[in-house]
Amino acid sequence: MVSAVCVFDDAGRLLTVRKRGTAMFMHPGGKPEAGETAVQAAARELAEEVGIVLDPRDLQLMGVWIADAANEAATDIEATVFTAPGTWTAHPAGEIAEIRWLDLDADHTEDLAPLLTDHILPELTTRPGGAAMTGG
């Protein structure tokens, strides 16, 4: 089980991160620590990985999906995905080697995690108003 957060900048682009020692870009997020809820984990990981500090109560549940793990062969993950309200700037911190803002209308590269390509991007692009639905 992992928690992930969709974060947008003022141009409506989606934040993706690449962890050190990996090749795939994904949402900021990670596994809950002992006693932590999915939303608490999402808020903590957002602060640790990209310096965005939010009250967990401000995150909005987008959905829960099962997807192929990006960096573990033959492994599925269950991801609880939230959206962060508003627009943000971010910087790589902790285990994050690189960040990249993804234009939802552009062709997407091969280095995106399956959760993004199989579930999140289709969900975001089919919602009325696209990324604007998140308040971004």
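Values computed for the structure shown
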quantity	calculated
Neighbourhood net charge (9 Å Cβ-Cβ; Lys/Arg +1, Asp/Glu -1) for Pro28	-3
Inter-label distance, nm, simple model (7 Å from Cα along the C-beta direction), Asp118/Asp103	2.8 nm
Relative pair counts by distance (%), Cα atoms of the chain, 5 Å bins	2, 11, 22, 26, 24, 12, 3, 0
DSSP bridge orientation in the chain - percent antiparallel, rounded to nearest 5	75 percent
Cβ-Cβ FRET estimate between Ala74 and Asp9, R0 fixed at 25 Å, reported to 0.05	0.15
Heavy-atom accessible surface of region 2-126: percent carbon and sulfur, 1.4 Å	49 percent
Highest average packing first - 63-70, 1-8, Cβ atoms within 10 Å	1-8, 63-70
Relative contact order, percent, region 2-126 [alpha-carbon distance under 8 Å, six or more residues apart]	34 percent
Charge dipole (debye, nearest 20) of the chain; +1 at Cβ of Lys and Arg, -1 at Cβ of Asp and Glu	220 debye
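The values are calculated or read from the model by the stated rules, or taken from the named source; none is laboratory data. The model shown is predicted, which means the values in this text are computed figures rather than measured ones. Using ideal geometry, Cβ is built from the backbone for each residue, glycine included, and neighbour counts are taken over all protein chains shown. The accessibility values were calculated without ligands, DNA or RNA, using every heavy atom of the protein model including side chains. Shrake-Rupley method; radii C 1.70, N 1.55, O 1.52, S 1.80 Å.
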